[in-house]
Amino acid sequence: MTRHRFAPRFDPDCGDTALSSTRHDIVIGRWQGLRELLRATGPHWLARGHRVRLLAQACTSSSTAETWLAAEPHGADALVLYAATETARAFNLAIAAGRGVPIDRRRVDSAVMACLRAAEAYPDDPTPWTSLISVARLYPSGVRRQELGRWWDELHGRDQYSVEGHLQVLHYYSARWHGSHGLMYDFARDAAGVAPPGCALPVLVQYARVEEYRQHLDAAQDSRASMGLGQHWNNDGAASDVRRTWQRWIMGRTESAVEPGELRDVNYLAHGACSAGLQDVAASLLRMLGQRATRTPWSYTGDPEKQLVKWHKEFRPGS
């Protein structure tokens, strides 16, 4: 029997076909499709956060979000998407400027105000607070601890197990932004420690490990220094973290299907399991993912497709 060669599928929408259809509306400047999608999503916060984040990224280079807001200036969904779009645009400016180069503070202030208006328009929605905590990283000195704490309380009170919300705080506390590796790991482990079985929050530790690796890679002055980072993934602590996350999150899940909004999280755990050489966990996670894949975090350690093909060949999850 011939064994078919594995080929991962990198769908930017993570299998969210309704979202993929709506992307075409953005291209032609038709905002009604965005309104219909978010209205249909309702208060399913995982799906809503996923859709708003990806729609915002798609809207950064068009005026579709502004056109919708002009047509419905008090529309809650329009305000939420506009806030997320302004946040994404601010990050695009920061990326273009280069690390360590601050962007115009007025652009950050404008995104913050858009987030606060959205939060006021849709009081139950955690999404504007996620955007707010995200854009706070772009202030050269961050924001006052009390202010960040207040925003975090608002988000946590609306969706206490939001991986995306926690992830924005984790990034804020990272050495790359306004904290340290220790502060970042403390936050990740504290969140994981209070998560009930089946909750995805323990995967934050894998996000922290990837963030630490990226920071070390940036700091490495030559290829010999970066080659020494291999132990970052397969030491005893890394392996223990992966197993702990697997047991508390994946083994506690009641749903077998992976939702589009959690596909990236499963990829982070699969990357950790493969890199740590945990064959049983890695094979199970790769089988769970099938061909569905996200480019990150695989892209941080090489070519995503080549790595996934290699690990599928090594761990044979389909057998």
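The values are calculated or read from the model by the stated rules, or taken from the named source; none is laboratory data. Every value quoted in this text rests on a predicted model; they were computed, and no experiment measured them. For neighbour counting, all protein chains shown are included, and Cβ atoms are generated from backbone atoms with ideal geometry for every residue, glycine included. These accessible areas exclude ligands, DNA and RNA; they are computed on the full protein's heavy atoms, side chains included. Shrake-Rupley method; radii C 1.70, N 1.55, O 1.52, S 1.80 Å.
Things worth noting here:
- The angle between the Cα long axis of helix 105-121 and the longest principal axis of the Cα atoms of the chain comes to about 80 degrees, rounded to the nearest 10.
- Debye log10 I(q)/I(0) for the chain, one point scatterer per Cα, at q = 0.06, 0.11, 0.15 Å⁻¹: -0.21, -0.72, -1.33
- Nearest-ten-degree value, helix 45-59 long axis tilted from longest Cα axis of the chain: 70
- Extension gain (nm, one decimal) between residue 110 and residue 256, 0.36 nm per residue minus Cα-Cα: 48.4 nm
- The residues of the range 120-174 present an accessible area of 43 Å² per residue when probed at 1.4 Å with all protein chains retained.
- Ordering of 77-84, 195-202, 18-25 by packing is 77-84, 195-202, 18-25, highest average first (other Cβ atoms within 10 Å, averaged per residue).
- Each residue of the range 277-288 was assigned a 3J(HN,Hα) from its phi angle through the Karplus expression (A = 6.51, B = -1.76, C = 1.60, θ = phi - 60°), giving x, 8, 4, 5, 5, 4, 4, 5, 5, 5, 5, 5 Hz with x at Gly and Pro.
- Over the range 195-314, the pair-distance histogram of Cα-Cα distances with 10 Å bins from zero comes to 13, 47, 32, 7, 1 percent, rounded to whole numbers.
- Shape analysis of the range 114-157 based on the Cα gyration tensor places the equivalent ellipsoid semi-axes at 18, 11, 7 Å, largest first.
- When the alpha carbon gyration tensor of the range 41-118 is reduced to an equivalent ellipsoid, the three semi-axes, largest first, read 23, 14, 11 Å.
- Computed [θ] at 222 nm, helices only, for the chain once each DSSP H run of length n ≥ 4 contributes -39500 (n - 2.57): -19500 deg cm²/dmol
- Computed from the C-beta positions of residue 183 and residue 240 and an R0 of 30 Å, the FRET efficiency is 0.90 to the nearest 0.05.
- Each other residue within a Cβ distance under 9 Å of residue 82 adds +1 if Lys or Arg and -1 if Asp or Glu, for a net charge of -1.
- Efficiency of FRET from Cβ geometry, residue 96 and residue 5, R₀ 45 Å, rounded to 0.05: 0.70
- Using θ = phi - 60° and Karplus 6.51 cos²θ - 1.76 cosθ + 1.60, couplings along the range 189-203 (whole Hz; Gly, Pro as x): 6, 5, 5, 5, x, 9, 6, x, x, x, 7, 7, 4, x, 5
- For residue 292, the residues whose modelled amide H falls within less than 5 Å of its own, excluding neighbours fewer than 5 places apart on the same chain, are 9.
- Reciprocal of mean inverse Cα separation for the range 1-63 (Kirkwood radius, Å): 13.1
- A full extension of the chain between residue 232 and residue 306 corresponds to an added length of 24.6 nm, given 0.36 nm per residue minus the alpha carbon distance.
- Local net charge near residue 242, Cβ-Cβ under 15 Å (Lys/Arg +1, Asp/Glu -1): 0
- Prolate/oblate/rounded call for the range 1-140, Cα gyration tensor, a/c under 1.5 rounded: oblate
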